1. Any idea which of (1) more than 10 Å from the ligand (Cβ to nearest atom); (2) under 21 Å from R321 (Cβ atoms); (3) in a helix (DSSP H, G or I) is the one K227 doesn't satisfy?
2. Which numbered condition trips up I100, out of (1) surrounded by 18 or more Cβ atoms within 10 Å (Cβ to Cβ); (2) farther than 17 Å from T79 by Cα?
3. Provide a single number: the residues in segment 240-258 that are under 20 Å from N282 (Cα atoms), more than 7 Å from the ligand (Cβ to nearest atom) and not β-branched (V, I, T).
4. Filter the strands (runs of 3 or more DSSP E) completely within segment 24-92 down to those with at least 2 residues that are at pLDDT 90 or above and closer than 28 Å to F109 by Cα.
5. How many residues are in a strand (DSSP E or B), of a type outside the set (S, T, Y) and open to solvent by less than 20 Å² (accessible area, probe 1.4 Å) when one looks only at segment 110-162?
6. Would you please name the residue that is farthest from the ligand (Cβ to nearest atom), looking only at residues in segment 230-239 that are loosely packed, with under 13 Cβ neighbours inside 10 Å and part of a loop (DSSP other than H, G, I, E, B)?
7. Looking only at segment 318-352, how many residues end up being open to solvent by less than 30 Å² (accessible area, probe 1.4 Å), more than 17 Å from R234 (Cα to Cα) and at pLDDT 90 or above?
8. Since A200 meets every condition but one in (1) buried (at least 22 other Cβ atoms within 10 Å of the Cβ); (2) farther than 23 Å from S91 by Cβ; (3) more than 15 Å from the ligand (Cβ to nearest atom), which condition does it not meet?
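The values are calculated or read from the model by the stated rules, or taken from the named source; none is laboratory data. If you're wondering where the values come from, they're calculated on a predicted model, not measured in any experiment. Backbone-built Cβ (ideal geometry, glycine too); neighbour counts: all protein chains shown. With ligands, DNA and RNA removed, areas are computed over all heavy atoms of the protein, side chains included. Shrake-Rupley method; radii C 1.70, N 1.55, O 1.52, S 1.80 Å.
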Amino acid sequence: MHQGRTTLSKFLIQQLKGSSEQSDLAALLVDIAAAVKAISAMTAKGELGGVLGSLDSTNVQGETQKKLDVMSDTAFINTFAMGGLVAGLASEENDDIVEIDPGEGAGRFLAVFDPLDGSSNIDVNVSVGSIFSVLRAPEGRKPEVSDFLVIGRQQLAAGYAIYGPSTMFVLTVGKGTHGFTLDREVGNFILTHPHMQVPADTSEFAINASNERFWEPPVQRYVVECKNGKTDVRGRDFNMRWIASMVADIHRILMRGGVFMYPRDTKDPSKAGRLRLMYEANPMSMVIEQAGGLGSTGRERILDIEPGDIHQRVPVVIGSRNEVERIEKYHHEYDSGTDEKYTSPLFQERSLYAN
Ligand code: F6P
């Protein structure tokens with residue numbers, strides 16, 4: 001038992017004081033934590049709760065929806081509908097934005113979320129999570145899609161919950177990244193990881209290596225160098241991890257460093273990347289950058305991207321600052337033709353990626 005425990009509510013009251021927008025944001029984050037507790041309870045029941053398995057439906061991404069995807073989405077939507085603080089939302093499970101009935105008065109925030117990320121892991125009892133981002137709603141009118149399409153630097157708050165051996169809630173309101181652990185008996189989130197920091201250097205990378213032949217040369221170069229370890233330019237051995245649950249992979253990186261990559265590839269040329277900008281890349285970039293790390297596509301900072309669509313996909317390279325900067329450098333050298341490796345016939349597929 002922690003001495004002098006700081007609950008999530010106490011923490012938010014301390015961090016978000018001053019304006020009425022700040023205190024409303026604190027209240028919204030407490031609401032999000034309530035939805036997270038509900039999802040945590042559902043996921044923890046597993047097979048006993050009858051919540052595993054797929055539905056017949058697919059989401060806007062064309063992915064088969066799991067029962068828990070839809071139940072988690074509903075948990076968030078119901079919480080926002082009751083809370084009165086959110087005017088509209090966008091989520092992985094809804095093709096279009098959803099307006100929340102204003103009732104007594106319009107909410108001043110927009111919520112964007114992936115209710116259950118990594119859901120291919122649900123049925124095999126591996127950690128999954130929820131990711132959220134909070135934006136400012138327009139004043140005096142209904143929200144429109146364009147109100148959601150703002151650069152990631154404008155997020156008011158972002159974070160995720162991880163449903164692992166313990167449930168944790170990790171958030172930032174732009175004043176560092178902080179982690180809370182759910183005390184299940186009492187039902188409170190307790191501050192257990194204040195001011196989380198991603199080490200600038202790492203010897204661990206995370207990528208789905210089965211896609212190697214589809215990657216761009218700069219990513220191939222980076223991974224080959226890591227795998228060559230001591231025998232090549234890096235001068236030290238690297239370790240690799242891939243949980244296939246972005247939340248769990250990013251959480252590990254937040255705890256001990258590393259670099260997470262889901263780069264652009266040619267597996268499906270119609271997609272700019274696999275992960276979604278608004279409810280995966282942006283919130284995770286804010287969380288990681290507030291902890292001293294960096295979020296990039298390899299060519300630009302994720303938080304600077306002007307979104308064109310709420311379900312837009314982007315390449316993602318997130319984690320320890322020096323590694324992300326190295327990967328950006330490799331992209332730059334490739335694009336500008338200044339790395340002699342790329343003149344080799346090995347890399348003649350370069351034209352596949354030409355903009
Ligand atoms: O949202 C998609 C997601 O499930 C992420 O959580 C995860 O990082 C990725 O897809 C896993 O992709 P793959 O199955 O290609 O390894």
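1. For K227, the failing item is (2).
2. (2)
3. Result for segment 240-258: 7.
4. Working: elements: 54-58, 64-66, 86-91.
Correct list: 86-91.
5. Initially, segment 110-162 is screened for residues in a strand (DSSP E or B), giving 110-117, 128-136, 157-162.
Next, from what is left, pick out any that are of a type outside the set (S, T, Y): 110-117, 128-129, 131-132, 134-136, 157-159, 161-162.
Then keep just the ones that are open to solvent by less than 20 Å² (accessible area, probe 1.4 Å); that gives 110-117, 128-129, 131-132, 134-135, 157-159, 161-162.
The number of residues fulfilling the criteria is 19.
6. Let us first name the residues in segment 230-239 that are loosely packed, with under 13 Cβ neighbours inside 10 Å, namely 230-233, 235-237, 239.
Within this subset, residues satisfying the condition of being part of a loop (DSSP other than H, G, I, E, B) are 232-233, 235-237.
Values: D232: 26, V233: 27, G235: 29, R236: 26, D237: 23 Å.
The selected residue is G235.
7. Count: 4.
8. (1) is the only condition that A200 fails.
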